[in-house]
Ligand SMILES: C[S@@+](CC[C@H](N)C(=O)[O-])C[C@H]1O[C@@H](n2cnc3c(N)ncnc32)[C@H](O)[C@@H]1O
């Protein structure tokens, strides 16, 4: 992708709504939802919403949040996005302890398992690390600079995650590449040693989400309507489950051709045995069982949710894995549904996370459309027609013909 | 008169190029061939001087190294794709190979080694293909171990080579990209060196040369700072037959030499990181 495309992509996205995101505290003490620039946290134990204190001296988020995550132990939380801010939060009690300014918009975040480093990826494909030394003494962090540690060549990184044993940092880009890198003892010197690349996705098929599961496996979901199982040590592809085709979700893409809908998110239970998959246009979610000894993926069940225009955008599971959290749209209606009906925190929680429960249906439907198109353009790589490409080339000055 | 219509042919090129080539050889008055050498003339393949490596082009990319079809690149050594048991792999890669001069010199120097040039410009790649095919025809049994692929090396190296597959990588006279904001387009950078270190075996060697002093310093600094590379000693360099070729084997090098330009050469070895 060249710079002009990137900047333009950024620009056109200004008018689009970021998909809503959900993250669940590993032991389900709280749940966080990001809607646009708004971060909402609900304390599941106290049964109340959390008012977010910001002692960091940094600005609050003022543009779409693109990534949120809890640390492995749940003590830390990070939010980041289009406003180029990476906000690091203490979760007990909730307060922002540090705000890092990124040079570019941020597309993915992760917290190292020992909670000593926060890593984030920017729109140019560079992964940065921030050293959290000092935080554990509960000091407010000062002068922590982000340091670039690795990069994908000019492709937007869509997800970033640490392996459960902390050995690897795994980054996936919008083109197709999943890179598994050794996470060194001194990450600020750079993460140079590549363990593997998970290849096998055709370069034109965008990857939307992945999750690392125990014993060195990884599950990924992509724009070609598949979920794949990989071995991260060798990078080999072990199994491919054509979820769209198997569930009979053929859809028209507006043109003549029909295609299967993209996987928009997935999340696995901590033991890796069950994978929940959100698929564009599927009103509900799909559950896959992952057999780690046979190294296979198979569909167990499609959970249809009979809400109208229910389009999940983000999924979350706590370590306890009792409940699956689903966020559906970015405007605030109907943000979560639980596997069973026992919502811890009940109505209050819903109210907090939704903002308001009584939004009119028309608004919701309109919102659903916006989300759909936001998702689509996030997931489907831009394909320019030949004329458009030519036109774009002409407008650029680095292509002058020299002979 | 025959035309060269191979630019549209993707992976099936070697066969169609062969046909075109034979046709061309039969045609005495073919303007694409030099009368004296019968090799394709460079001026008919002239292209833009520089490509923007950041732009997404549409050329086929192998899904993974195991999918690189050796029978298309080295047809005499791999008569059919099913006979390729994967035991012999490409060991040398010339990144941004230009018109292919280095590959041609190395081909006879290391006749048992498979090598590939990677080149972003379509026309230049076509020229190199033609050139290799002509050499194969003119020298039966020779030049079977070299080939070229049109690709963006900054993006697709992991699609061509497995971890630790390569023993040598060459970066001869790469585009300088002077402006600070374009430094990230340079083929040698700290981040891209991670990928080269991945593709190179421990002990493998990376060769760089440029006539642009600033770029020479940049490449040296990157390699020096990278924990997975160490400089070759003077003795190592003396003993290395390839190091001597860097300034003279390629078209760019010859041009610089003709103009009496200075060159800056940096050669490093892939080592185990000390973390
Ligand atoms: C100045 S030329 C040198 C060619 C040759 N090595 C020589 O010494 O004569 C640099 C070459 O690198 C190619 N190149 C630039 N970026 C590239 C990329 N990302 N992937 C593959 N080739 C690239 C250019 O098209 C050009 O042919």
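Only the coordinates and a few stated rules stand behind these numbers; no lab work does. Keep in mind the model is a prediction, meaning the values are calculated, not measured. Here the Cβ is made from the backbone with ideal geometry for all residues, glycine too, and neighbour counts use every protein chain on show.
Subtracting the Cα-Cα distance of residue A:303 and residue A:281 from their residue separation scaled by 0.36 nm leaves 6.6 nm. Ranked by how many other Cβ atoms sit within 10 Å of their own Cβ, fewest first, the residues B:270, B:131 fall in the order B:131, B:270. Here the simple spin-label model places points 7 Å from the Cα toward Cβ, and for residue A:133 and residue A:167 these points are separated by 2.6 nm.
On the beta carbon distance between residue B:66 and residue A:59, with R0 = 51 Å, the FRET formula returns roughly 0.55. Label-to-label distance for residue B:183 and residue B:82 is 5.4 nm, based on points extended 7 Å past Cα in the beta-carbon direction.
Once you sort the root eigenvalues of the Cα gyration tensor of the range B:137-184 as a ≥ b ≥ c, which label holds: rounded (a/c under 1.5), prolate (a/b larger than b/c) or oblate (the other case)? It is prolate, given that a/c is not under 1.5 and a/b is the larger ratio. For the range B:57-123 and the range B:128-164, what is the separation of their C-alpha centers, rounded to whole Å? Distance between centres, Cα-based: 3 Å.
When a/c is below 1.5 the answer is rounded, else prolate if a/b is larger than b/c, else oblate, so apply that to the range A:15-138 with a ≥ b ≥ c taken from the square roots of the Cα gyration tensor eigenvalues. It is oblate, given that a/c is not under 1.5 and a/b is not larger than b/c. As a rough footprinting exposure proxy, the listed residues B:252, B:230, B:235 were ranked by other beta carbons within 10 Å of their own, and the order from fewest upward is B:235, B:230, B:252. Calculate, for residue B:105 and residue A:189, the FRET efficiency according to 1/(1 + (r/R0)^6) with r their C-beta to C-beta distance and R0 41 Å; round to the nearest 0.05. Calculated value: 0.60.
Put in order of Cβ neighbour count within 10 Å, fewest first, the listed residues A:217, B:92 become A:217, B:92.
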